[in-house]
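The values are calculated or read from the model by the stated rules, or taken from the named source; none is laboratory data. The structure displayed is predicted, hence computed values, not measured ones. Cβ coordinates were reconstructed from backbone atoms using ideal geometry, including for glycine residues, and neighbour counts include every protein chain displayed.
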Amino acid sequence: MHYKFIMKRSLCILIAFVVTSVGVMADIQAPPGSTYTSSRKLGRAVSNILHGFVEVPEQMVRKTEQYGANAGWTYGVIDGYRRAFKRIGYGFYELFTFHCPTYKGTFKPPYERCGEDHRIEMNPHDGLSEFPPTLGFDRYYHVRTQKW
């Protein structure tokens, strides 16, 4: 009789373990687009409108590094203004439509590369990233120095 009690108890513990482990593995994760909300779209719109012209010096630096100083001052300026106006245009578009999901039923950025079906946010070298680039030094790094 004692043997049957131990077997039933072991079987109950085994079943409880299997049920809880299956329940943990079947946890439903958030869908990939859940981080893109209307408030993020509004923030992206305001950021693109206010900081869109940062593309001009950013492209000057990139083109100088790639092709030399002459290209930075000519091709970089022209490409920077093209990208700045494009970014500001997208900013106003997203500002007026921030409350509705416009890109394939989501709040993701609508930027696409010309002639391809890839999103530009995946390739910031050739196209626009989600938010404008920043100039200068990043201020969120904290460095401790000691004076003697």
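In summary, Arg83 fulfils each of the numbered conditions (1) within 18 Å of His51 (Cα to Cα); (2) surrounded by fewer than 16 Cβ atoms within 10 Å (Cβ to Cβ); (3) in contact with a Gly (Cβ under 9 Å, 6 or more places away or on another chain); (4) at pLDDT 55 or above with the single exception of condition (2). Would you say Thr74 is at pLDDT 90 or above and among the β-branched types (Val, Ile, Thr)? Yes, satisfied.
Would you pick out the residues in segment 40-68 that are farther than 12 Å from Asp79 by Cβ, among the basic types (Lys, Arg) and surrounded by 20 or more Cβ atoms within 10 Å (Cβ to Cβ)? Residues satisfying the conditions are Lys41, Arg44.
What number of residues in segment 92-115 are farther than 21 Å from Gln66 by Cβ and modelled with pLDDT under 80? Within segment 92-115, residues that are farther than 21 Å from Gln66 by Cβ and modelled with pLDDT under 80 number 4.
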